[in-house]
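Asker: Got a structure here, written out as structure tokens. Questions coming.
Read-outs throughout are calculated quantities, based only on the coordinates presented, and are distinct from any laboratory measurement. Bear in mind that the values here come from a model prediction, so they are computed numbers and not experimental data. Ideal geometry is used to build each Cβ from the backbone, glycine not excepted, and the neighbour counts take in all protein chains shown.
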Amino acid sequence: MSQARLVLAHTAGSHVVIADLTSAATQHADAYADILEGIAHTIAFTDPASVPQAKNSSPTSRILDVLS
């Protein structure tokens, strides 16, 4: 069994994001760790209200929405 874990703390220290990826395909363990690392670089703790939305577009999903 292979497991990769991503843990990110909000800069204010008020929230923590944890993501686990588990697989029986141990030969791909390095790739799974790379996937989580790539995801880590896309996460931002921003206020969704401060992000301008294009007209006629639906809002994007944000981690902050879950944490609020």
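Asker: Can you compute the modelled spin-label distance between Val51 and Ala31, with each label point 7 Å from Cα toward Cβ, in nm?
Answerer: So the two model labels end up 2.8 nm from each other.
Asker: While we're here: So how far apart, in nm, are the two label points at Ala24 and Ile39 if each is 7 Å from Cα heading toward Cβ?
Answerer: Computed distance between label sites Ala24 and Ile39 equals 2.1 nm.
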